[in-house]
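**Student:** Let me begin by handing over the structure; questions about it come next.
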Amino acid sequence: NAGVTQTPKFQVLKTGQSMTLQCAQDMNHEYMSWYRQDPGMGLRLIHYSVGAGITDQGEVPNGYNVSRSTTEDFPLRLLSAAPSQTSVYFCASIDRQRIYGYTFGSGTRLTVV
Amino acid sequence: GENVEQHPSTLSVQEGDSAVIKCTYSDSASNYFPWYKQELGKRPQLIIDIRSNVGEKKDQRIAVTLNKTAKHFSLHITETQPEDSAVYFCAATVSGGYQKVTFGTGTKLQVIP
């Protein structure tokens, strides 16, 4: 049982490049989310999903796309990277009954130059 | 939407003293309040949570209290130890089709040996 697995751990992009952050969970959680963490601003919700085929926007969705083709996977796509997207990204999942709260992945530290 | 305020943003205590972190929320529909600990460079991890039908919950040196009327909840750490040094996040969750989780901005706790 690996929990929530995120890849890559570190990434440097040039402005305008695109990339996908991968997230997978093996706990059969229906709910998955992407957060970005910036100094002094806590965790801000980018996109979330309540199940396969269902996604919705969070607080800061601009510049990001998501899809949820399976229960396990929830990739985050940066369409055209900008320096403002330099951040630490966390994927998280939670069971429907919220018995244990969120389980977070280990994070991806992204730098856009 | 929900708004969660967390205070203080930084907190220094001597080893063995108690630490208290306070959060307020705005949405009376919030009914689940987890607390997360994030050590430097690591993922947030759930340390304790409380549901709206409970006023207080304890787990060894950690306790959480909830005042629904005043819409605030607090984390209490007693007999602090250097390994308690970390950033602590509170969160408020509104139940529904998706558990909208709003995080506080975090408190950096430093325990001085």
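The values are calculated or read from the model by the stated rules, or taken from the named source; none is laboratory data. Given the structure is predicted, the values throughout are model-derived calculations rather than measurements. Because the Cβ atoms are built from the backbone with ideal geometry, glycine has one as well, and the counts that use them run over all protein chains shown. Heads up: the accessible areas ignore ligands, DNA and RNA and are worked out on the full protein's heavy atoms, side chains in. Shrake-Rupley method; radii C 1.70, N 1.55, O 1.52, S 1.80 Å.
**Student:** Taking amide H positions as placed 1.01 Å from N in the peptide plane, with prolines and chain starts having none, which residues 5 or more places from B:Ser85, or on another chain, fall under 5 Å of its amide H?
**Tutor:** B:Val111
**Student:** With θ set to phi - 60° and the Karplus curve 6.51 cos²θ - 1.76 cosθ + 1.60, what are the ³J(HN,Hα) couplings of segment B:103-113 in order, to the nearest whole Hz, using x for Gly and Pro?
**Tutor:** 9, x, 7, x, 10, 8, 9, 10, 9, 8, x
**Student:** Label the protein assembly as shown by shape, choosing from rounded, prolate and oblate, from the square roots a ≥ b ≥ c of the eigenvalues of the Cα gyration tensor; if a/c is under 1.5 it is rounded, and otherwise prolate applies when a/b is larger than b/c, oblate when it is not.
**Tutor:** prolate
**Student:** Further question on the same structure: If amide hydrogens are placed 1.01 Å from N in the peptide plane, which non-local residues have theirs closer than 5 Å to the one on B:Thr105?
**Tutor:** Counting only residues 5 or more places away or on other chains, the set is B:Gln6.
**Student:** How much area per residue is accessible in chain A when the probe is 1.4 Å and only protein heavy atoms are counted (Å²)?
**Tutor:** Ligands and nucleic acids excluded, the figure is 46 Å² per residue.
**Student:** May I ask for the net charge around B:Ser28, where only other residues with Cβ less than 15 Å from the Cβ of B:Ser28 are counted and Lys, Arg are +1 while Asp, Glu are -1?
**Tutor:** Here the count lands on +2.
**Student:** Given chain A reduced to its alpha-carbon atoms as identical point scatterers, what log10 I(q)/I(0) does the Debye formula return at q = 0.09, 0.22 Å⁻¹?
**Tutor:** Evaluating at q = 0.09, 0.22 Å⁻¹ gives log10 I(q)/I(0) of -0.21, -1.23.
**Student:** Would you mind checking which residues have amide H under 5 Å from A:Gly58's amide H? H placed 1.01 Å from N; only 5 or more apart, or other chain.
**Tutor:** Answer set, sorted by chain and number: A:His47, A:Tyr48.
**Student:** Follow-up. How fast does chain B diffuse by Stokes-Einstein, in µm²/s, taking the Kirkwood radius from C-alpha pairs at 10 °C and 1.306 mPa s?
**Tutor:** This corresponds to a translational diffusion coefficient of 113 µm²/s.
**Student:** Quick one: buried accessible area between B and A, total over both chains, 1.4 angstrom probe, nearest 100 Å²?
**Tutor:** Summing both sides, the interface buries roughly 1900 Å².
**Student:** Tally up the carbon and sulfur contribution to the accessible surface of segment A:33-113 as a whole percent, 1.4 Å probe, everything protein left in place.
**Tutor:** Here it works out to 50 percent.
**Student:** Indicate the residues belonging to segment B:22-49 that lose 20 Å² or more of solvent-accessible heavy-atom surface (probe 1.4 Å) upon moving from the chain alone to the assembly of all protein chains, ignoring ligands and nucleic acids.
**Tutor:** Residues passing the criterion (a loss of at least 20 Å², heavy atoms only) are B:Tyr32, B:Tyr36, B:Gln38, B:Arg43, B:Pro44, B:Leu46.
**Student:** Give me the net charge for the shell around B:Gln81: Cβ to Cβ below 11 angstrom, other residues only, Lys and Arg +1, Asp and Glu -1.
**Tutor:** That sum, taken over residues with Cβ under 11 Å, equals -4.
**Student:** Could you state the accessible area per residue of chain B in Å², with a 1.4 Å probe and every protein chain left in place?
**Tutor:** That works out to 50 Å² per residue.
**Student:** Once you list every other residue whose beta carbon is under 12 Å from the beta carbon of A:Met27, what net charge do they have if Lys and Arg are +1 and Asp and Glu are -1?
**Tutor:** That works out to -3.
**Student:** Do any trypsin sites (Lys or Arg not before Pro) in segment A:5-113 lie in a DSSP loop with no more than 16 other beta carbon atoms within 10 Å, and if so, which?
**Tutor:** Counting only loop positions with at most 16 other Cβ atoms within 10 Å, the trypsin sites (Lys or Arg not before Pro) in segment A:5-113 are A:Lys9, A:Lys14, A:Arg96.
**Student:** Please turn the phi angles of segment A:55-66 into ³J(HN,Hα) values with the Karplus equation 6.51 cos²θ - 1.76 cosθ + 1.60 (θ = phi - 60°), one per residue in order, whole Hz, x for glycine and proline.
**Tutor:** After applying 6.51 cos²θ - 1.76 cosθ + 1.60, I find 9, 7, 7, x, 6, 10, x, 5, x, 10, 10, 9 Hz.
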